[in-house]
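Below is one structure, written out as structure tokens; comments come after it.
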Amino acid sequence: MAILGGGVMGETLISGLLRAGWAAQEVVVSERRPERAAELAERYKVRTTTNTEAASSSDTVVLVVKPQDIAGLLAEIAGAVRPDALVVCIAAGITTAFVEERLADGTAVVRVMPNTPALVDQGMAAISAGSHFSAPHLARAEALLAATGKVVEVPEYHQDAVTAISGSGPAYIFYVVEAMIEAGVLLGLPRTTSTELVVQTLYGAATMLRETGEHPTVLRERVTSPGGTTAAAVRQLEDHKVRAAFIGAMEAARDRSRELAAAAREGRNPR
Ligand SMILES: NC(=O)c1ccc[n+]([C@@H]2O[C@H](COP(=O)([O-])OP(=O)(O)OC[C@H]3O[C@@H](n4cnc5c(N)ncnc54)[C@H](OP(=O)(O)O)[C@@H]3O)[C@@H](O)[C@H]2O)c1
């Protein structure tokens, strides 16, 4: 497994693979800045080398650089990627067609949108296959991503929606948590107590959703007794059109994802 680009997401993948039982010798890393490469080698005991050597020595090549650096990286490794290799691209907005056009004909490519909870092995990654993709390739991509959380397969035209929901999603949740903590402080709770109450409530609610498989409406109705406190709070959320704001926010994220993707493919700086 070659990880090309050892930044935030590259390091998340390396540490996830090792925690999932991969041996350090099975992972090779290349990184533009030598001091960063040395740091990763020291921390994870993985081998570090050049982009071309990493690509030619691996059957799975993962591109984890910023979207604007992808074209340059592909130009460098195009001649080195093995014909049977799987190329996994984690750069937001870069299509499988963009990668395929820059590699030898027939190279298997998969595109991935991960999210930051991968750092704690609770990531949500959506993968889309390119045009030369087979079942064993899919299994290989899933094995890589399962190391840091869950994986779903989606048609590539859904990737902007995925970016809006799970890619940016952790930020919306942090925003809600922030608002609830501040509300607790306003109601007179010490900040540490308010934080503990909100974080554990979020964790508990998320665990209930996942473990019971119940629809969120059913779970919410169970805490909403007639004429009670939750009903009074929900009425305020409805009055302030919070549900409509969420829909608008995610449409905006989807539209921005489209704009950024177009800019990345055309090699221009997005405004
Ligand atoms: N972080 C996230 O939450 C997240 C979520 C979803 C998707 N992604 C995607 O993951 C990709 C990486 O994001 P990141 O946050 O990890 O970025 P990052 O921290 O900037 O990491 C990229 C690393 O790759 C290095 N690099 C750039 N060009 C290179 C080249 N040609 N050869 C070798 N190394 C090279 C960079 O070096 P320099 O520092 O010298 O530039 C940097 O260390 C992005 O495309 C992003 O869209 C990230």
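The values are calculated or read from the model by the stated rules, or taken from the named source; none is laboratory data. Computed from a prediction, not measured in an experiment: that's the story for all the values here. Note: ideal-geometry Cβ built from the backbone for every residue, glycine included; neighbour counts use all protein chains shown. The protein model used for the area step is the full one, side chains on, heavy atoms only, and it has no ligands, DNA or RNA in it. Shrake-Rupley method; radii C 1.70, N 1.55, O 1.52, S 1.80 Å.
Some observations on this one:
Yes/no per residue for (1) without any contact (Cβ under 8 Å) to a residue 40 or more places away in the chain; (2) assigned to a helix (DSSP H, G or I); (3) under 16 Å from Gly167 (Cβ atoms); (4) of a type in the set (S, T, N, Q):
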{"residue": "Gly227", "(1), (2), (3), (4)": "yes, no, no, no"}
{"residue": "Ala233", "(1), (2), (3), (4)": "yes, yes, no, no"}
{"residue": "Gln236", "(1), (2), (3), (4)": "yes, yes, no, yes"}
{"residue": "Glu251", "(1), (2), (3), (4)": "no, yes, yes, no"}
{"residue": "Arg256", "(1), (2), (3), (4)": "yes, yes, yes, no"}
{"residue": "Ala261", "(1), (2), (3), (4)": "no, yes, yes, no"}
{"residue": "Arg268", "(1), (2), (3), (4)": "yes, no, no, no"}
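- Residues that are free of Cβ contacts under 8 Å to residues at least 60 places away in the same chain and open to solvent by 40 Å² or more (accessible area, probe 1.4 Å), drawn from the range 139-150: Ala139, Glu142, Ala143, Lys150
- Number of residues in the range 6-27 that are open to solvent by less than 10 Å² (accessible area, probe 1.4 Å) and either free of Cβ contacts under 8 Å to residues at least 12 places away in the same chain or within 14 Å of the ligand (Cβ to nearest atom) (or both) equals 6.
- The single condition among (1) within 21 Å of Glu31 (Cβ to Cβ); (2) touching a strand residue (DSSP E or B) at 6+ places or on another chain (Cβ under 9 Å); (3) in a loop (DSSP other than H, G, I, E, B) that Ile70 does not meet is (3).
- Leading residue by the ranking (farthest from the ligand (Cβ to nearest atom)) among those in the range 28-57 that are closer than 19 Å to Leu119 by Cα and part of a loop (DSSP other than H, G, I, E, B): Lys45
- In the set Leu63, Leu86, only one residue is crowded, with 22+ Cβ neighbours inside 10 Å, away from the ligand (no atom under 12 Å from the Cβ) and within 16 Å of Ala141 (Cβ to Cβ); that residue is Leu86.
- Any hit, the range 112-121, residues being within 22 Å of Ala262 (Cα to Cα), open to solvent by 30 Å² or more (accessible area, probe 1.4 Å) and more than 9 Å from the ligand (Cβ to nearest atom): no
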